[in-house]
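> Dropping the structure in here first, questions after.
The values are calculated or read from the model by the stated rules, or taken from the named source; none is laboratory data. Nothing here was measured: the structure is a model prediction, and the numbers come from that model. Here the Cβ positions follow ideal geometry from the backbone for every residue, glycine too, while neighbour counts run over all protein chains shown.
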């Protein structure tokens, strides 16, 4: 079996430990300074990396401990953005949304230092993860641009600089998340044009993550996005979407989501294994990565850990049978 | 010209006091608050939201839908025949809902929105319009493990919601709103929607308005005059060409036209004069009495402060447009 068969990884975020949430609140109340918050973020990052090594995952993430919302974090570190008052995401969850207030320009590297530091803590590959241009555009209010296209392509140019710097710093896996593009079929061409700008000339393995939309309407056109790998939510629909690969072959590397991140229930190893085995009917193991459906930040630390233990066990069982 | 809120209103704002509902829900979910205690907080926020809308100067208000978790489960949790399923994105908004799953025959089993309406009506200086998510949109946004037939499923929803609408009328509602955003994404289903509306409004005597938003409305404009309703709220922002189409060929009388001219999904604050010009353009052709002004969708996509400012602009624009059109007519 090839070394790259059924690699295991995660999408990006991990649950924030209570001491980090408290440190963030304390900073907002002026009770601690930036340095103390950063120390808490670093501690949480170290713990996240240690957990992934303990579990035996193949490709690691830094857990995004220093990011609040995945779009707002990039907006806060890019020229041309302001941040809004609180808006509701769902249920009782709220976040501050980016506002485009001027032309988007990268001020300087956004995630590069964090990535370098996280990679220095492990010998395993560390993914570099950014939020993609289409999602940044779609998830921002826009008080500046005349059209969505103009905003999206400006964002793509700024994010290309970030990807280029991540690659130069040594990143071998660069993930450009585009969760927003699973909804507007009519704008898929725009997302494809933007991604081509972001990954132009990049030789690192590029990935994108997409979730919670109408996959059946954007597949197989989706495969035209200029990335090597797609990490997709599949467990939340009971792996039914995998059957689309029977009609239209999946031509790239497939990151199979094997557990739902929005339920407390820890799915049994057998169900994750069944999802992997189903996928292997359509794809060879070296073109399948096994991941959760989405980021883990909505789960507790223990839930995330238990689910990942099962993920690793399911992959081990399948590998042994190959 | 009437200025009206369309539905949702931001339920929290900046600062601790403005976030008391968020804290109360957290506490309730953790078992630290009873259902009645949570309801008392919802009551307070509802009264506040009603007051803010009135202060902004709009003529017609809603209760802000502050008690709704989302437009789907608020109804399906209280109807017979559903369970909750996966988390799903709501249209192209970056907001989510728990997708209801139909697992048995859909039936009304008790009042859903009636107590909420009574409370709002008792605490408002302006007429309150109760909002119900329509049967077509509910059927489209739910998973169906029981009917395996969109029309049969949606018709049962229409029957169940008809009971709710008649209950709202009996409780004193002087007008009703049915939200059908999904129809803007599937205009090909207009004939089905019309059959559903006939079922939905049977026995209802107060004016019913259908709200169409989050997608293009022009594919529906040739048909809306045939619907058994008093008015339609039309999103004129998602598809800006809707205004020109309405000004050139407004749907036939007596249907009333509520123009959603204020962008409920972007923080950019419109000028009242520009909004007024848009409203007047349609009103001059369709008749000032038939036209009302509203937002392109519910305001919950915006931060609270901006929502308040946008409603005030809307009210000002409606006054300006009303004066401009009646001035010309005189």
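> When you scan the range A:222-322 for strands (runs of 3 or more DSSP E) that lie fully inside it, which ones turn up with 3 or more residues that are under 15 Å from residue A:12 (Cα atoms) and out of contact with any helix residue (DSSP H, G or I) (no Cβ under 6 Å at 6 or more places or on another chain)?
The qualifying strands (runs of 3 or more DSSP E) are A:229-232.
> Quick one: in the range B:121-137, which of the residues that are in contact with a helix residue (DSSP H, G or I) (Cβ under 6 Å, 6 or more places away or on another chain) and farther than 24 Å from residue B:227 by Cα is surrounded by the fewest Cβ atoms within 10 Å (Cβ to Cβ)?
Restricting to residues being in contact with a helix residue (DSSP H, G or I) (Cβ under 6 Å, 6 or more places away or on another chain) and farther than 24 Å from residue B:227 by Cα, the top hit is B:125.
> Quick test for you: out of A:49, A:11, A:32, pick the one residue that is outside any strand (DSSP E or B), away from chain B (no Cβ under 14 Å) and out of contact with any helix residue (DSSP H, G or I) (no Cβ under 9 Å at 6 or more places or on another chain).
A:11
> Looking at residue A:143, is it closer than 29 Å to residue A:84 by Cβ, surrounded by fewer than 23 Cβ atoms within 10 Å (Cβ to Cβ), more than 14 Å from every other protein chain (Cβ to nearest Cβ) and over 19 Å from the mean Cα position of the chain (by Cα)?
no
> Taking the range A:282-302 on its own, how many of its residues are surrounded by fewer than 18 Cβ atoms within 10 Å (Cβ to Cβ), farther than 29 Å from residue A:244 by Cα and either in contact (Cβ under 8 Å) with a residue 40 or more places away in the chain or within 18 Å of the chain's Cα centre (by Cα) (or both)?
Filtering the range A:282-302 for residues surrounded by fewer than 18 Cβ atoms within 10 Å (Cβ to Cβ) gives A:282, A:284, A:286, A:298, A:300-302.
Those left that are additionally farther than 29 Å from residue A:244 by Cα: A:300-302.
Restricting the remaining residues to those that are either in contact (Cβ under 8 Å) with a residue 40 or more places away in the chain or within 18 Å of the chain's Cα centre (by Cα) (or both) gives A:300-301.
Total satisfying the criteria: 2.
> Listed residues A:103, A:125, A:109, A:133; which is over 14 Å from the mean Cα position of the chain (by Cα), in contact (Cβ under 8 Å) with a residue 60 or more places away in the chain and more than 14 Å from every other protein chain (Cβ to nearest Cβ)?
Working: A:103 fails: in contact (Cβ under 8 Å) with a residue 60 or more places away in the chain; A:109 fails: in contact (Cβ under 8 Å) with a residue 60 or more places away in the chain; A:133 fails: over 14 Å from the mean Cα position of the chain (by Cα).
Exactly one of A:103, A:125, A:109, A:133 is over 14 Å from the mean Cα position of the chain (by Cα), in contact (Cβ under 8 Å) with a residue 60 or more places away in the chain and more than 14 Å from every other protein chain (Cβ to nearest Cβ), namely A:125.
> Could you figure out which of (1) more than 14 Å from chain B (Cβ to nearest Cβ); (2) surrounded by 24 or more Cβ atoms within 10 Å (Cβ to Cβ); (3) closer than 22 Å to residue A:250 by Cβ isn't true of residue A:155?
(3)
> Let me ask another. Check off (1) surrounded by fewer than 18 Cβ atoms within 10 Å (Cβ to Cβ); (2) more than 11 Å from chain A (Cβ to nearest Cβ); (3) touching a strand residue (DSSP E or B) at 6+ places or on another chain (Cβ under 9 Å) for residue B:44 and give me the number that stays unchecked.
Among (1) surrounded by fewer than 18 Cβ atoms within 10 Å (Cβ to Cβ); (2) more than 11 Å from chain A (Cβ to nearest Cβ); (3) touching a strand residue (DSSP E or B) at 6+ places or on another chain (Cβ under 9 Å), the lone unmet condition for residue B:44 is (3).
Conditions (1) over 19 Å from the mean Cα position of the chain (by Cα); (2) modelled with pLDDT of 95 or more, marked per residue:
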{"site": "B:96", "(1), (2)": "no, no"}
{"site": "B:101", "(1), (2)": "yes, yes"}
{"site": "B:108", "(1), (2)": "yes, yes"}
{"site": "B:115", "(1), (2)": "no, yes"}
{"site": "B:120", "(1), (2)": "no, yes"}
{"site": "B:123", "(1), (2)": "yes, yes"}
{"site": "B:155", "(1), (2)": "yes, yes"}
{"site": "B:159", "(1), (2)": "yes, yes"}
{"site": "B:169", "(1), (2)": "no, yes"}
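> Only one of these conditions is not met by residue A:73: (1) closer than 23 Å to residue A:135 by Cβ; (2) touching a residue at least 60 places away in the same chain (Cβ under 8 Å); (3) assigned to a helix (DSSP H, G or I). Which number is it?
(2)
> OK, next. Mind listing just one residue for me: the one in the range A:86-96 that is part of a strand (DSSP E or B) and within 8 Å of chain B (Cβ to nearest Cβ) and, of those, surrounded by the most Cβ atoms within 10 Å (Cβ to Cβ)? First the steps, then the outcome.
Restricting attention to the range A:86-96, the residues satisfying the condition of being part of a strand (DSSP E or B) are A:86-90, A:93-96.
Now restrict to residues that are within 8 Å of chain B (Cβ to nearest Cβ): A:86-90, A:94.
On the way: A:86: 18, A:87: 22, A:88: 19, A:89: 15, A:90: 18, A:94: 19.
For the range A:86-96, the residue satisfying everything is A:87.
> Surrounded by fewer than 22 Cβ atoms within 10 Å (Cβ to Cβ), in contact with a helix residue (DSSP H, G or I) (Cβ under 8 Å, 6 or more places away or on another chain) and either in a strand (DSSP E or B) or in contact (Cβ under 8 Å) with a residue 24 or more places away in the chain (or both) - does that describe any residue in the range A:173-182? Spell out how you get there, then give the answer.
Step one: filter the range A:173-182 for residues surrounded by fewer than 22 Cβ atoms within 10 Å (Cβ to Cβ), giving none.
Taking every residue of the range A:173-182 in turn, none turns out to be surrounded by fewer than 22 Cβ atoms within 10 Å (Cβ to Cβ), in contact with a helix residue (DSSP H, G or I) (Cβ under 8 Å, 6 or more places away or on another chain) and either in a strand (DSSP E or B) or in contact (Cβ under 8 Å) with a residue 24 or more places away in the chain (or both).
> Right, another one. Which members of the range B:12-33 meet the condition of being more than 10 Å from chain A (Cβ to nearest Cβ) and touching a residue at least 24 places away in the same chain (Cβ under 8 Å)?
Of everything in the range B:12-33, just one residue is more than 10 Å from chain A (Cβ to nearest Cβ) and touching a residue at least 24 places away in the same chain (Cβ under 8 Å), namely B:20.
> While we're looking at this one, here's another question. Regarding the range A:210-228, can at least one residue be identified that is within 13 Å of chain B (Cβ to nearest Cβ) and modelled with pLDDT of 95 or more?
Scanning the range A:210-228, I find no residue that is within 13 Å of chain B (Cβ to nearest Cβ) and modelled with pLDDT of 95 or more, so the answer is no.
> With respect to the numbered conditions (1) touching a helix residue (DSSP H, G or I) at 6+ places or on another chain (Cβ under 7 Å); (2) in a helix (DSSP H, G or I); (3) within 14 Å of chain A (Cβ to nearest Cβ), which one is the sole condition not fulfilled by residue B:284?
For residue B:284, the failing item is (3).
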